[in-house]
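Okay, so here's the structure we're looking at.
The values are calculated or read from the model by the stated rules, or taken from the named source; none is laboratory data. Because the structure is a prediction, the values reported are computed rather than measured. With ideal geometry, Cβ positions are generated from the backbone for all residues, glycine too; neighbour counts draw on all protein chains shown.
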């Protein structure tokens with residue numbers, strides 16, 4: 001079904017769901033130890049793969065009940081060459097993990113009965129820390145780093161790639177270049193601090209405009225993730241760049257990245273309150289159509305977001 005690469009159904013202003021905070025759910029709710037927050041390590045065992053399937057099925061059930069589309073983001077946020085090396089995995093094993101992840105997504109899509117499109121997305125994370133990167137990559141450095149993982153996805157049933165928790169424009173531009181070279185549609189998700197700016201200090205609107213200018217507006221759309229709506233809603237003022245934001249994957253917690261990093265307990269926030277925040281964001285962003293979650297969220301949050309946004313449609 002790689003034909004969807006030419007016509008992604010979520011670009012037709014349909015309502016699509018995706019999952020929530022995978023790593024926080026697996027760690028705090030299911031008791032898994034994920035070294036360096038790497039969920040892909042669960043692909044090594046049958047028990048781990050079954051746990052991942054259970055995780056996704058909770059979300060697919062919501063999409064099935066409402067007959068709406070779903071984006072299956074692979075559990076590969078940390079499955080890149082650099083992070084793999086830190087976990088003792090060479091390029092060959094990273095290749096295998098990424099392929100296995102997409103095969104798992106295919107299996108889940110085959111068993112789903114939503115009656116609506118299901119898109120498989122190869123999930124990509126930043127080279128550095130998603131909260132506080134040690135250094136900012138140049139576009140050339142980022143293109144070289146991310147090309148390996150993106151080329152793997154291009155050779156699978158993945159229909160797009162999504163770069164999640166991008167902290168600065170240099171890396172985002174490099175990801176887009178690598179995806180374009182591999183013939184893969186790409187979505188870029190920026191994260192923000194409590195002031196609505198990227199960890200690099202760049203304003204959200206300026207970051208979107210800079211990536212579009214450098215790449216000929218190559219990203220199929222942008223998202224905002226890993227921040228509470230209170231942190232970035234004020235940055236969504238005016239500008240045509242707002243029409244480029246099609247997805248939101250917010251945190252459940254209002255805590256800053258630094259506070260979350262230093263916390264040993266999960267802050268799940270209030271699913272109903274978060275859903276109301278999403279409804280307000282949908283009124284602010286004319287093309288918003290992809291709804292998911294990030295740190296602290298689980299299927300309960302996504303279910304409430306689905307209810308609230310559908311009622312307000």
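Looking only at the stretch 276-285, which residues are more than 15 Å from residue 10 (Cβ to Cβ) and either in a loop (DSSP other than H, G, I, E, B) or more than 18 Å from the chain's Cα centre (by Cα) (or both)?
Selection gives 276, 277, 279, 280, 283, 284.
Conditions tested, residue by residue: (1) more than 15 Å from the chain's Cα centre (by Cα); (2) at pLDDT below 95; (3) surrounded by fewer than 24 Cβ atoms within 10 Å (Cβ to Cβ).
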position	(1), (2), (3)
123	no, no, no
126	no, no, no
151	yes, no, yes
158	no, no, no
167	no, no, no
173	yes, no, no
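Got a number for residues in the stretch 176-207 being within 13 Å of residue 220 (Cα to Cα) and under 17 Å from the mean Cα position of the chain (by Cα)?
So the count comes out to 8.
Let me confirm something: among 295, 306, which residue is assigned to a helix (DSSP H, G or I) and closer than 22 Å to residue 26 by Cβ?
That would be 306, the only listed residue that is assigned to a helix (DSSP H, G or I) and closer than 22 Å to residue 26 by Cβ.
For the stretch 11-27, give me the residue count where each residue is buried (at least 16 other Cβ atoms within 10 Å of the Cβ) and either modelled with pLDDT under 95 or in a loop (DSSP other than H, G, I, E, B) (or both).
Count: 5.
Among the residues of the stretch 215-234, what is the count of those that are in a helix (DSSP H, G or I) and out of contact with any strand residue (DSSP E or B) (no Cβ under 6 Å at 6 or more places or on another chain)?
Number of matching residues: 5.
For the stretch 64-84, state whether one or more residues are in contact with a strand residue (DSSP E or B) (Cβ under 6 Å, 6 or more places away or on another chain) and within 12 Å of residue 43 (Cβ to Cβ).
Checking the stretch 64-84: at least one residue is in contact with a strand residue (DSSP E or B) (Cβ under 6 Å, 6 or more places away or on another chain) and within 12 Å of residue 43 (Cβ to Cβ).
Restricting to the stretch 169-196, give me the number of residues that are touching a helix residue (DSSP H, G or I) at 6+ places or on another chain (Cβ under 7 Å) and outside any helix (DSSP H, G or I).
Result for the stretch 169-196: 10.
Look at the stretch 256-267 and say how many of its residues are under 25 Å from residue 55 (Cα atoms) and surrounded by fewer than 20 Cβ atoms within 10 Å (Cβ to Cβ).
Counting residues in the stretch 256-267 that are under 25 Å from residue 55 (Cα atoms) and surrounded by fewer than 20 Cβ atoms within 10 Å (Cβ to Cβ) gives 7.
In the set 109, 57, which member is within 22 Å of residue 17 (Cα to Cα) and either in contact (Cβ under 8 Å) with a residue 60 or more places away in the chain or surrounded by 17 or more Cβ atoms within 10 Å (Cβ to Cβ) (or both)?
The conditions single out 109.
Could you tell me which of the residues 36, 52, 42 is touching a residue at least 24 places away in the same chain (Cβ under 8 Å), in a helix (DSSP H, G or I) and surrounded by fewer than 17 Cβ atoms within 10 Å (Cβ to Cβ)?
On inspection, the qualifying residue turns out to be 36.
Would you check if residue 67 is more than 30 Å from residue 180 (Cβ to Cβ) and without any contact (Cβ under 8 Å) to a residue 24 or more places away in the chain?
No: the conditions fail for residue 67.
Is it the case that some residue within the stretch 239-252 is more than 21 Å from residue 57 (Cα to Cα), out of contact with any strand residue (DSSP E or B) (no Cβ under 9 Å at 6 or more places or on another chain), surrounded by 16 or more Cβ atoms within 10 Å (Cβ to Cβ) and at pLDDT below 95?
Within the stretch 239-252, not a single residue is more than 21 Å from residue 57 (Cα to Cα), out of contact with any strand residue (DSSP E or B) (no Cβ under 9 Å at 6 or more places or on another chain), surrounded by 16 or more Cβ atoms within 10 Å (Cβ to Cβ) and at pLDDT below 95.
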